[in-house]
Amino acid sequence: MSRFARGRMPAGQMNKTEQAYAQHLERLRATGDVEWFRFEGVKLRLADNTFYTPDFAVMSGDGVMEMHEVKGFWTDDARVKIKVAAGQYPFRFIAFKAVAKNRGGGWLREEF
């Protein structure tokens with residue numbers, strides 16, 4: 001089994017990192033920092049037969065639409081797609097990587 005095969009879930013199912021991030025978004029929603037979010041709620045066309053589905057579509061507390069990508073590690077293809085999408089669509093594109101609990105926990109943020 002390749003290292004990539006373990007991390008890929010069927011469409012509509014969250015892996016453990018995405019589940020933890022959804023819980024993080026729920027906490028932000030409770031404080032008003034996030035108005036709304038949905039897992040795999042948006043599919044963006046990048047080119048003919050090429051699409052990008054962000055992990056989470058998020059409306060921030062100030063009404064700005066954001067597309068959040070949650071990663072344990074990046075593949076070249078995933079990084080290219082988010083950069084292309086950021087150049088084509090008027091959303092804020094942000095990637096989050098979990099920080100290990102023994103390193104303080106939380107999320108590293110990268111904007112595109």
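The values are calculated or read from the model by the stated rules, or taken from the named source; none is laboratory data. These numbers were taken from a predicted model, which means no experiment stands behind them. Here the Cβ positions follow ideal geometry from the backbone for every residue, glycine too, while neighbour counts run over all protein chains shown.
Quick notes on this one:
- Which listed residue, of A98, A20, is at negative phi, at pLDDT below 95 and of a type in the set (A, V, I, L, M, F, W, C): A98
- In the range 69-83, of all residues being within 17 Å of F51 (Cβ to Cβ) and crowded, with 17+ Cβ neighbours inside 10 Å, the one that is nearest to the chain's Cα centre (by Cα) corresponds to E69.
- Scanning the range 38-74 for residues that are over 16 Å from R109 (Cβ atoms) and among the aliphatic types (A, V, I, L, M) yields V42, L44, L46, A47, A57, M59, M65.
- 1 or more residues touching a residue at least 40 places away in the same chain (Cβ under 8 Å) and within 16 Å of M14 (Cβ to Cβ): qualifying strands (runs of 3 or more DSSP E) within the range 26-112: 65-71, 92-98, 107-111
- Some residue of the range 11-23 being without any contact (Cβ under 8 Å) to a residue 24 or more places away in the chain and of a type in the set (G, A, S): no
- Residues in the range 55-74 that are under 18 Å from Q88 (Cα atoms), out of contact with any helix residue (DSSP H, G or I) (no Cβ under 8 Å at 6 or more places or on another chain) and not charged (D, E, K, R): A57, V64, M65.
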